[in-house]
Amino acid sequence: ADIIRLVRGMMPRLYLAFHVDSISPLVRSGLLPAPRRNTELSSTPKTLFLLEEGQVIPFHRTRSRGTATERLTEFLLEFVDLQQLAVLHSGLDTTRKDELVTMLQGHFPPEMIQEHVYGLALGAFVGLSALAVVAFEG
């Protein structure tokens, strides 16, 4: 009961943003509705996604240019009282993960940045090319 209370108390202060190369796993898993038009399909991979109250939603920003690592970094820079952050990746594409960690180290203390490899269960929903950041705000 104490652990459940602790986790539920943390949930309103946890934020997850991620980028995928293909939305197919998200659509196939039912987390994202299938695009209605080809233009939606071609523009969606440039979009960051948020996990909000158990729902995957596109995170629209005024700046749509830049790499996924730049946009994930900008997402984290918006927090005023960031306590911890984690980078989630599949372990397969370490180039983008390394680029993101290097970029984050330019803005945050290295001890604040954690790295985690996500497993096959999450990979079934987001694919094996997802790159995500998790923020815990105090």
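The values are calculated or read from the model by the stated rules, or taken from the named source; none is laboratory data. Remember, it's a predicted structure, so these values are computed and weren't measured experimentally. A quick note on method: Cβ atoms are made from the backbone with ideal geometry, for glycine too, and the neighbour counts reach across all protein chains shown. SASA here: full protein model, heavy atoms, side chains in, ligands and nucleic acids out. Shrake-Rupley method; radii C 1.70, N 1.55, O 1.52, S 1.80 Å.
Worth pointing out:
- Looking only at segment 40-71, and only at residues there that are in a helix (DSSP H, G or I) and modelled with pLDDT under 55, the one that is farthest from Ala130 (Cα to Cα): Glu40
- Whenever a residue of segment 101-112 is over 10 Å from Thr73 (Cα atoms) and open to solvent by 30 Å² or more (accessible area, probe 1.4 Å), it has no partner that is of a type in the set (Asp, Glu) and in a loop (DSSP other than H, G, I, E, B) lying with C-beta atoms less than 8 angstrom away and at least six residues away or across chains.
- Among residues of segment 79-97 being surrounded by 13 or more Cβ atoms within 10 Å (Cβ to Cβ) and charged (D, E, K, R), the one that is farthest from Thr67 (Cα to Cα) is Asp93.
- Residue under evaluation Ser129, criteria (1) surrounded by 15 or more Cβ atoms within 10 Å (Cβ to Cβ); (2) among the hydroxyl-bearing types (Ser, Thr, Tyr); (3) not in a loop (DSSP other than H, G, I, E, B), criterion not met: (3)
- Taken as a whole, the structure leaves Val134 outside the set of residues that are in contact with a helix residue (DSSP H, G or I) (Cβ under 7 Å, 6 or more places away or on another chain) and within 22 Å of Ser29 (Cβ to Cβ).
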